[in-house]
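*Asks:* Before I ask anything, here is the structure I am working with.
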């Protein structure tokens, strides 16, 4: 590894690249398999295209909502669609705040305009909303309601945290992100540590991306299967194949893993051993 210190932007890009390149991570795109509409190249291209938004965040040039919107805009132009929306929700505060504590401080300072910008970013993606969500990103009345209620972006995340584990990271102090970083340190360096961290996080809680796409029962069953892998009772490659066939991809855990890699890199974790 180079002796030159990485900038925060470089760490964030590296975290995105390392997560998608690690394998096997059951159900997700990696170097061994693609989905029909989203390939490894799309994920890697996003790690490059997002750089200007990350650099702005690193230098404090902008607010959380506008920077998330900019990151989504920069990476939504290719045929793979937006690949990292959840990761941007986690990474932008970390870049702005230079770490977990600073990120939480920046989150507490969000306002209504951050919320509006976030919804504009949401509208650029194909991310699913929960069926019981009152606030619809495509409904002008929802935007009006946000303004009338004076809802900050933190308010939006608190509202969403019931059904979205990425939003929940904002409200619980980046709990799973911190756990993921600790797992990376615990399991050594390189690709296998990323896989181990991913599997332990998948075994910890039902992935809400799976729940929105396939239902809560499928998310719970996938979590239980991950626990069997962690205990050595199920083969990870077999679980990967099962998830790919069923279209089950733990996208929220992937986003949290990216944030965990970013944090761990800043703490000296080695990726290239």
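*Asks:* Working out 0.36 nm times the residue gap between residue 231 and residue 179, then minus their Cα-Cα distance, what length gain in nm do you get to one decimal? Write out the running numbers ahead of the final one.
*Replies:* On the way: separation 52, 0.36 × 52 = 18.72 nm, distance 1.82 nm.
So the chain would gain 16.9 nm between residue 231 and residue 179.
*Asks:* Additional query: In percent, what relative contact order does the chain have, based on Cα pairs under 8 Å that are 6 or more apart in sequence?
*Replies:* Details: 433 pairs, mean separation 63.4, N = 273.
It comes to 23 percent, rounded to a whole number.
*Asks:* Could you put 20, 195 in order, starting from the residue whose Cβ has the fewest other Cβ atoms within 10 Å? Don't skip to the answer; put the middle values down first.
*Replies:* Working: 20 24, 195 20.
With the fewest neighbours first, 20, 195 line up as 195, 20.
*Asks:* Return the distance in nm (one decimal) between the two label points of a simple spin-label model at residue 273 and residue 220, each offset 7 Å from Cα along Cα→Cβ.
*Replies:* Rounded to a tenth, the inter-label distance reads 3.8 nm.
*Asks:* Continuing with this model, one more query. What residue among 233, 242, 109 has the largest mean-square fluctuation in a Gaussian network model of the chain, using Cα springs under 10 Å?
*Replies:* Result for the chain, Cα springs under 10 Å: 233 fluctuates most.
*Asks:* Further question on the same structure: Please arrange 177, 47 by how many other C-beta atoms lie within 10 Å of their C-beta, fewest to most. Intermediate values should be presented prior to the final figure.
*Replies:* Working: 177 27, 47 24.
The most exposed by this proxy come first: 47, 177.
*Asks:* Still on this model: Can you tell which of 142, 21, 252 shows the greatest fluctuation in a Gaussian network model of the chain with Cα springs below 10 Å?
*Replies:* 142
*Asks:* Moving on to the next point. Quickly work out the residue 48-to-residue 34 label distance, labels modelled 7 Å from Cα along the C-beta direction, and quote it in nm with one decimal.
*Replies:* 1.5
*Asks:* Mean-square fluctuation check for the chain, GNM, Cα pairs under 10 Å: which of 245, 220, 92 is largest?
*Replies:* 245
Each reported figure results from applying straightforward, stated rules to the coordinates on display, with no laboratory input. None of the values given here were measured: they were computed from a predicted structure. Note: ideal-geometry Cβ built from the backbone for every residue, glycine included; neighbour counts use all protein chains shown.
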